[in-house]
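Just below is one structure, and these are the notes that go with it.
The values are calculated or read from the model by the stated rules, or taken from the named source; none is laboratory data. Everything numeric in this text was worked out from a predicted model, so none of it was measured. We place every Cβ from the backbone using ideal geometry, glycine too, and count neighbours over all the protein chains shown.
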Amino acid sequence: MDMHGHLGHDRRRFLALAAAASSVPLLSACGAGFGGGDSRSDGSAADDVTGSFDWRRHKGTTVRALLNKHPYTDALIADLKAFTAKTGIKVEYDVFPEDNYFDKLTVDLSSGRASYDIFMLGAYMVWQYGPPGWLEDLGPWMRNESATGAEWDQDDFLPSLLEGTQWSLKAGTPLGQGGQYALPWGWEANVVAYNMEVFDKLGLRPAESFDELRELAGTIKRKAPGAGFDGMYGVAVRGSRSWATIHPGFMTMFSRYKLKDFTVDGESLKPAMNSPEAITFTRDWADMVKKGGPPSWTSYTWYQCSSDLGAKKAGMLFDADTAAYFQAVKGASPAAGKIAFHPGPKGPDGSLATNMWIWSLGMNAKSEKKSAAWLFLQWATGKEHLRKGAIEYNHIDPVRKSVSEDPAYRDKMSELPGFIETFEAVQDQTRIQFTPQEQFFDATTSWASALQEIYGGKSAGPVLNGLADDLASKVG
Amino acid sequence: MNSSTEADHGAASSDDAAVAGAPEKASAAVPGPPAERGVPKWRRTLRPYLLIVPALLLTGGILYPFGLGLYYTVFDFAASKPQPDFVGLENYRRIFTDSSFWDSAWVTVLYAVGAAAVETVLGVAVALLLHRSTLVGRVLEKVLILPLMIAPVIAAIIWKLMLQPSVGVVNHLLRPFGLGGVQWTDTPTGALLSSIAVDVWVYTPFVAILALAGLRSLPASPFEAAAVDGAGWWFTFRKLTMPMLWPYVLVAVIFRFMDSLKVFDIIYALTEGGPGDSTVVLQIRAYLEAIRFQRYSFGLSYMIVLWAVVYLAAMVLVRYLGRIQNRAAEVPK
């Protein structure tokens, strides 16, 4: 027996095994484990709070918050001392950049631990985090007068925003029913921002229809470079292979055409992004990007879109109003002072249906400091902090009517041409235009992938039919 | 030889101590190196086991989550199913009957073969150039490792900016040659080639350093003999340098091929798997399934399949390495 050879062989095999195995624990070590969130109790911890409301009920307590790097977060952090002074509660927080924020949050929540009592999330995340029981239903807290101060004033919120974070946890059922799984804190409407300088020079006007928008985008790309705007293209829209590509401009225009992502048939969902009208629209959208969109569009996130508008590389931006706002304020970019806002093209029937993103605050269902965390949520979504954030910081797009009507806020925002008019024009028709369902991120990521393929030259019909077939088995 | 000498010496010293009426405890010590004298037997017995504790912990740290991951794959564990059911091999059946898996597997293999091949050729070429002891060679040798000091994900982000068609430096440099409009990552082929190019930029120095170390360890005598016999450069390279260098190169190939099969960071940072699904390698699909879409068991099944692929590839390559090493050992030194 060749002992040396045998041992050598085993050693090599072990080395190969170990090297290969090192790739697998990546996932299983992420904290995912059975029991990550099944122990939902029917009784809410809010019921334990009795007596008169008292901001200092939990003085000396520390709550932990997980936050995404954002100007809204900057405003919150800058004002945290006021919360601690008011309540005696200390807030420890971690801030992560958006690229990996939601992965961090997902892994943390799925671990079933209460590492963070409070966190930022988008309304779409309620569809993913709500069904496993990771989010505290804030409804009982809102209804309990011992836990909630009278000045919090629930009726002051824009109704579509509170509805956007309320859901029955059942796929296909409309928002605005069931538990309140997060509180709206800031929102973003997807509208058009444009460079007034290039529009003036080329004698252009903002598009009132999708056909006009496509034409306008192509015109700017053809003519702007010759008019002194070197390298300028028509319209910046997102294009990366991510769910985030679908929800801003694309979904807004899609909705203005009365198109749907899914239709609800009894208890099941049927993909509808491959209806004949949707196929035509999607083909036209890809065509608009080809003729008037950014080079390297398939890598475009909100960041590139926003930067291009600020750098005078894009004539228009069809995205979140905040993405344009942060380029438009004085001194922020070369295009600052020359950016105006417009509601964007209307649908064939004049619709200004607009999709929105709601930055929200939620509470960990596993938190052991729910009552203190609720005090924090009340303060962070309360009139005092949100007014300060909107006027003194950059917490624009107020979720409260009292702030959006505040003269100081309107004065500040009126410096941006068309901002308030646009805000008011789309406000009533702005809501979440997607059908709520747990597989939202899979569906929209696949949708973005399909859009890239159509942009790459594949025929829209077969690509969208293939997408619909795939999603029917996953979502239906 | 040294150890036996010390042992003998130690034994003699023990005898001396006994003669001098040293304490009984010292004279009872088992003969051994001087440092062992006075060390209780239980400690000497325990020491080998203590020495392997770090290795055991490390192995356990790898194998426990691996085993746990394997265990999860026979359930339908997902965020939407926190109390999962046992499903046997259903996850694997779904994977192997899904065309997305085969697309991803194909992209993964293309990427791994492409990256490993280009890095090997370039790395060996760079090593051969640096092997000549010139001032430039010595300076470049130090500079060469710089890409290795950058995290691959950072390198990918840097390259993403450099490849940006309108403001990126690559198109700016190509513009005088009429190639300023290339959209590097907008087509499936372009995206894959760009990803491979970033991998090559980061890891070619790794191959070069291994090959250079190999070159410097080769014996001089066969080359001197070849020179005396009037052998040309090509003949020497083909018949002497490469056969003896192969074991070193193959080690680099094994590392790079296995690493490339598991690639995630470079592609995700550069293309996120797009356009379409054209650069969705197995690792990205596993990430999307397990983390983004929270279908844990299904994502882990992808990882186990990837592990099996890497393991099989490593087995074949390591076995081949053994054969090459034996063959290289036969070359007269």
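Quick rundown of the values:
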| read-out | value |
| --- | --- |
| Residue list for the stretch B:184-213, restricted to those being in contact (Cβ under 8 Å) with a residue 40 or more places away in the chain and either among the small types (Gly, Ala, Ser) or in contact with a strand residue (DSSP E or B) (Cβ under 7 Å, 6 or more places away or on another chain) (or both) | B:Ala191, B:Ser194, B:Ser195, B:Ala208, B:Ala211 |
| Failed criterion for B:Gly273 (all others in (1) within 14 Å of chain A (Cβ to nearest Cβ); (2) part of a helix (DSSP H, G or I); (3) free of Cβ contacts under 8 Å to residues at least 40 places away in the same chain hold) | (2) |
| Unique match (being under 19 Å from B:Arg292 (Cα atoms) and out of contact with any strand residue (DSSP E or B) (no Cβ under 7 Å at 6 or more places or on another chain)) among A:Phe119, A:Phe102 | A:Phe102 |
| Hits in the stretch B:201-239 - residues which are under 29 Å from B:Ile267 (Cβ atoms) and of a type outside the set (Phe, Trp, Tyr) | B:Val202, B:Thr204, B:Pro205, B:Val207, B:Ala208, B:Ile209, B:Leu210, B:Ala211, B:Leu212 |
| Some residue of the stretch A:109-123 being within 14 Å of another protein chain (Cβ to nearest Cβ) and on the phi > 0 side of the Ramachandran plot | yes |
| Conditions (1) closer than 25 Å to A:Gly43 by Cβ; (2) within 11 Å of chain B (Cβ to nearest Cβ): number failed by A:Asp99 | (1) |
| Unique residue being surrounded by fewer than 16 Cβ atoms within 10 Å (Cβ to Cβ) and farther than 30 Å from A:Gln154 by Cβ when the list is A:Ala450, A:Ala472, A:Ala443, A:Ala408 | A:Ala472 |
| Lone qualifier among A:Ala224, A:Ala217 - being in a helix (DSSP H, G or I), in contact with a Gly (Cβ under 7 Å, 6 or more places away or on another chain) and either farther than 24 Å from B:Arg175 by Cα or at pLDDT below 95 (or both) | A:Ala217 |
| Of all residues making up the stretch A:229-286, the number that are among the small types (Gly, Ala, Ser), over 21 Å from the mean Cα position of the chain (by Cα) and part of a strand (DSSP E or B) | 2 |
| Helices (runs of 4 or more DSSP H) within the stretch B:95-205 that include 3 or more residues of a type outside the set (D, E, K, R) and under 18 Å from B:Val263 (Cβ atoms) | B:99-131, B:152-162 |
| Tally of residues being more than 24 Å from B:Ala155 (Cα to Cα), more than 7 Å from every other protein chain (Cβ to nearest Cβ) and either without any contact (Cβ under 8 Å) to a residue 60 or more places away in the chain or surrounded by fewer than 23 Cβ atoms within 10 Å (Cβ to Cβ) (or both) across the stretch B:276-318 | 8 |
| Condition met for B:Val263 (more than 26 Å from B:Gln183 (Cβ to Cβ) and more than 8 Å from every other protein chain (Cβ to nearest Cβ)) | no |
| Selected residue (only one of A:Pro159, A:Pro174 is without any contact (Cβ under 8 Å) to a residue 12 or more places away in the chain and not assigned by TED's automatic domain parsing to the domain that holds A:Thr322) | A:Pro159 |
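A quick yes/no check of all residues on (1) surrounded by fewer than 20 Cβ atoms within 10 Å (Cβ to Cβ); (2) touching a strand residue (DSSP E or B) at 6+ places or on another chain (Cβ under 6 Å); (3) under 27 Å from A:Asp411 (Cα atoms):
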position	(1), (2), (3)
A:Ala336	yes, no, yes
A:Phe341	no, yes, yes
A:Pro345	no, yes, yes
A:Pro348	yes, no, no
A:Lys366	no, no, no
A:Ala372	no, yes, no
A:Trp379	no, no, yes
A:Arg387	yes, no, yes
